[in-house]
């Protein structure tokens, strides 16, 4: 249930769709919790009344539904970003990942001759979401032994860098 009436921003790029919603996440929920736990409700009385009066719900089913539909369509998982009062969702096109895989791997390996941060990697290859880029492109290269981490015992460290 969304209560902020500020306008959203919807931008279509060649490889993705980005939706920005002012206000950010509310309460204790984090991006990692989305679709897994019930979020805090800004106004539970209003949410309850709207559930009774019109076809709305406040049961955190929207994100699991989006993930399931994207999976059925063979598309990548959505990327969620929450920072500085803005909540952003990025939906990547299926073709963008498939078309770039062959040349992308060699470009990544060449770029990573010098250890690179998540942000450097995502920025170099035109991605706004470092987490998506690492999961989709870097993690498979790590599993294949082609890329290494500078801090292998702390894979999620903000100081983590990747090198070939």
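Modelled label positions at residue 139 and residue 157, each set 7 Å beyond Cα in the direction of Cβ, lie 2.0 nm from each other. Net length available on complete extension from residue 69 to residue 14 is 17.7 nm, with 0.36 nm assigned per residue and the Cα-Cα distance removed.
Order the peptides 116-128, 73-85 from the highest to the lowest mean number of other Cβ atoms within 10 Å of their residues.
Details: 116-128: 16.8, 73-85: 14.1.
So the order, starting with the most tightly packed, is 116-128, 73-85.
Beyond 15 Å, what share of the Cα-Cα pairs of segment 95-163 is found? Please give it as a whole percent. Value for segment 95-163: 47 percent of Cα pairs lie more than 15 Å apart.
Multiply the residue separation of residue 46 and residue 91 by 0.36 nm, subtract the distance between their alpha-carbon atoms, and state the gained length in nm to one decimal.
On the way: separation 45, 0.36 × 45 = 16.20 nm, distance 3.02 nm.
Once the chain is fully extended between residue 46 and residue 91, it gains 13.2 nm.
On the beta carbon distance between residue 124 and residue 6, with R0 = 30 Å, the FRET formula returns roughly 0.35.
No value in this document is a laboratory result; all are computed from the given coordinates. No experiment lies behind these values; they were computed from the predicted model shown. Neighbour counts run over all protein chains shown; Cβ positions are idealised from the backbone, glycine included.
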